[in-house]
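Written out below as C-alpha cells is the structure these notes cover.
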Amino acid sequence: MNLVLLGPPGAGKGTQAQRLAESDGLVQLSTGDMLRAAVASDSEIGRIAKPIIEAGRLVPDDVMVAMIDRRIDEPDCANGFILDGFPRTLAQAEALDDVLRRKSRRLDAVIEMAVDDGVLVERISGRFSCANCGAGYHRQFRPTAEEGVCDRCGSTEFKQRPDDNEETVKTRLAAYHAQTEPLLPYYRDRGVLKTVNGMAAIDEVTAQIDTALGTLGG
C-alpha cells in the first residue's frame, strides 16, 4: 500500500505516518529526513542539495523527485510507503505520478488531515519545551504543573522553536493553502482522496485513517 499524507504544518502528519508505518509494515518517507540523510552520506543528490539548503533556498523539484525515485526502489519499500511532506505542489504530484507509472506502481490513498486554521495557530504557537531535558508542553493544553518549572527534571529554562510563533505559522498556512491545497481536487478526481478530522485526539485520528483505508478493499 502506497500512501500520501496531506495537511498543513502542525496537523500531525508525522505522528500518524509513524503509527501507520508501525501498524501496517510500511516505510515512512519524510522528505526532510531524506534530504538530511542524503547530505550526511555525501551522495550525489546530497552534494547537489547541500549548498541549496545552506543558502536557505527550496530544493528544486527535479532533485526531490530523483531522490524519491531512488528511495522507493530500495527493498524496504517493497510492501509500500507513506510520503510525508511530498508532494507539496501540483507539479510535484504529476512528477510523482510519472515515477510510479514507470515502476508499475500507484498511490492507493491520499489522506487529507483537515484542520481549522485558527485552532492550528493556537496549537502550534503555544508549544514550548524544557531546554534541559526536552519535555514538551503547551501554554494552554499542557502547561507545567508548577508555573515555570519542568515537570520532568525541575529545570526553569524553557525554549520555543523559532518557527513556532503566530506570524510564522500564519505564513506557512498561507503557503499551504496557495500551493498544496490544489492537490485536493487533483486527487479527488482520481478517486484516492480520503479526508479525516485532523483536529480530533491523536487516537481518534488514527482510528479514522484505519477506517478510511479499510474501505480500499485490500
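The values are calculated or read from the model by the stated rules, or taken from the named source; none is laboratory data. Since the model is a prediction, treat every value here as computed from it, not as a measurement. Heads up, the Cβs are rebuilt from the backbone with ideal geometry, glycines too, and the neighbour counts pull from every protein chain shown.
Does the stretch 83-91 contain at least one residue that is on the phi > 0 side of the Ramachandran plot and either surrounded by 16 or more Cβ atoms within 10 Å (Cβ to Cβ) or of a type in the set (A, V, I, L, M) (or both)?
For the stretch 83-91, residues on the phi > 0 side of the Ramachandran plot and either surrounded by 16 or more Cβ atoms within 10 Å (Cβ to Cβ) or of a type in the set (A, V, I, L, M) (or both): present.
Among the residues of the stretch 1-26, how many are over 11 Å from ASP84 (Cα atoms) and either among the aliphatic types (A, V, I, L, M) or more than 9 Å from the chain's Cα centre (by Cα) (or both)?
Residues meeting the conditions: 11.
Yes/no matrix, rows are residues, columns are (1) free of Cβ contacts under 8 Å to residues at least 60 places away in the same chain; (2) of a type in the set (Val, Ile, Thr):
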residue: LYS13; (1), (2): no, no
residue: ALA17; (1), (2): no, no
residue: ALA37; (1), (2): yes, no
residue: ILE48; (1), (2): yes, yes
residue: ILE53; (1), (2): yes, yes
residue: ARG57; (1), (2): yes, no
residue: PRO60; (1), (2): yes, no
residue: PRO75; (1), (2): yes, no
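Would you check if there is a residue in the stretch 127-139 being exposed (fewer than 12 other Cβ atoms within 10 Å of the Cβ), at pLDDT below 95 and on the phi > 0 side of the Ramachandran plot?
Yes: the stretch 127-139 contains one or more residues that are exposed (fewer than 12 other Cβ atoms within 10 Å of the Cβ), at pLDDT below 95 and on the phi > 0 side of the Ramachandran plot.
Of all residues in the stretch 166-201 being under 24 Å from LEU107 (Cα atoms) and β-branched (Val, Ile, Thr), which is surrounded by the most Cβ atoms within 10 Å (Cβ to Cβ)?
Only one residue fits best here, namely VAL196.
Residues being within 28 Å of GLU181 (Cβ to Cβ) and either under 18 Å from the mean Cα position of the chain (by Cα) or surrounded by fewer than 19 Cβ atoms within 10 Å (Cβ to Cβ) (or both): count how many of those fall in the stretch 41-82.
Final tally of qualifying residues: 23.
Which of the residues spanning the stretch 27-38 are farther than 11 Å from ASP84 by Cβ and buried (at least 19 other Cβ atoms within 10 Å of the Cβ)? Steps first, please.
Start the filter on the stretch 27-38 by keeping residues that are farther than 11 Å from ASP84 by Cβ, which leaves 35-38.
Those that are farther than 11 Å from ASP84 by Cβ and buried (at least 19 other Cβ atoms within 10 Å of the Cβ): LEU35, ALA38.
List the residue pairs whose Cβ atoms are under 6 Å apart, where the first residue sits in the stretch 114-131 and is farther than 18 Å from PHE158 by Cα, the second is assigned to a helix (DSSP H, G or I), and the two are 6 or more positions apart or on different chains.
These pairs meet every condition: ASP117/LEU173; VAL121/GLU166; VAL121/VAL169.
Being at pLDDT 90 or above, of a type in the set (Lys, Arg) and more than 28 Å from GLN92 (Cβ to Cβ) narrows it down to one of ARG188, ARG152, so name that one.
After ruling out the rest, the residue left standing is ARG152.
Only one residue in ARG106, ARG101 is surrounded by fewer than 16 Cβ atoms within 10 Å (Cβ to Cβ), in a loop (DSSP other than H, G, I, E, B) and more than 17 Å from the chain's Cα centre (by Cα), so which one is that?
Every option except ARG106 fails the conditions.
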